[in-house]
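First up is the structure itself, then whatever we jot down about it.
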Amino acid sequence: LFREINLKEFLWGKSWYPTYDPPEFGVLPLILGSLWITLGALIIAVPLGVSAAIYISELATPKIRNFLKLVIEMLTGIPSVIYGFLGIVVLGPWLQKLLNLPVGLCSLTASLLLALMAIPTITSLSEEALFSVSKDYKEASCALGATKWETIIKVTVPAAFSGISTAVLLGMGRAIGETMTVLMVAGGAAVIPRSFLQPARPITATIALEMGEA
């Protein structure tokens, strides 16, 4: 590859057409496509995942907590191709009709599905971090007159911040490394995304699509 193009053209080129003559190997649209879709997924998944973890750890009864943890573990095991199928059959057409889009397979569809896939990871690990915070901290906060919500926001969450950060990073890794879902629903256009309503093609989808041409 690098006998035909230099590293600068590879990293900063804006065209990815490996079958052209001469071929063009600008990987920038693929990198930005991956980052763009992952960013959209994290914007959705982090608030929902951490909020769910706070509820499960601090507010839910033991019976509800055990039930929700079981549901989260089951969601973690759903194959990515199922999410992709739901995106093609349900979510994509719904977004297309709702937002009056020319096509429903776009960055937004991929981000929403990746968020659904990342939320169980973020929720599960964040809940463990929150639950492991010493009860002494919480009792001391309440003894000083803090309400339950003040204790959660100002004591429990800061004490579990490192664990929550780890959960977010692992959720990001789950999203940015996903292949099948984005291959099915992101739109497959190797262009620099300028809106979540435009199609994109992440690096993982490109590898899966064009491995036979390598």
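An ellipsoid equivalent to the stretch 8-213, defined through the eigenvalues of its Cα gyration tensor, has semi-axes of 39, 18, 14 Å when rounded to whole angstrom and sorted largest first.
Each stretch of four or more DSSP H residues adds -39500 (n - 2.57); spread over every residue of the chain, this sum gives -19000 deg cm²/dmol at 222 nm. The separation of the stretch 83-113 from the stretch 123-174, counted between C-alpha centres, amounts to 35 Å. Can you list the lysines whose alpha carbon sits under 20 Å from that of Lys154, skipping same-chain ones fewer than 8 residues off? Those lysines meeting the cut-off are Lys135, Lys138. Computed from Cα atoms, the angle from the helix 28-54 axis to the main principal axis of the chain rounds to 20 degrees. Residue order for Met180, Met172, Met74, fewest other beta carbons within 10 angstrom first, comes to Met74, Met180, Met172.
With the cut-off at 19 Å, report for the stretch 81-186 the share of all Cα pairs above it, as a whole percent. Here the long-distance tail beyond 19 Å is 56 percent of all Cα pairs in the stretch 81-186.
Counting only alpha carbon atoms, the long axis of helix 161-176 and the longest principal axis of the chain meet at about 30°.
Distant-in-sequence amide contacts of Ala200, defined by a placed amide H-H separation under 5 Å and a gap of 5 or more residues or a different chain, comprise Ser107, Gly187, Gly188, Ala189.
Values in this text are rule-based calculations from the coordinates and carry no lab data. Because the structure is predicted, anything quoted here is derived from the model rather than measured. Cβ coordinates were reconstructed from backbone atoms using ideal geometry, including for glycine residues, and neighbour counts include every protein chain displayed.
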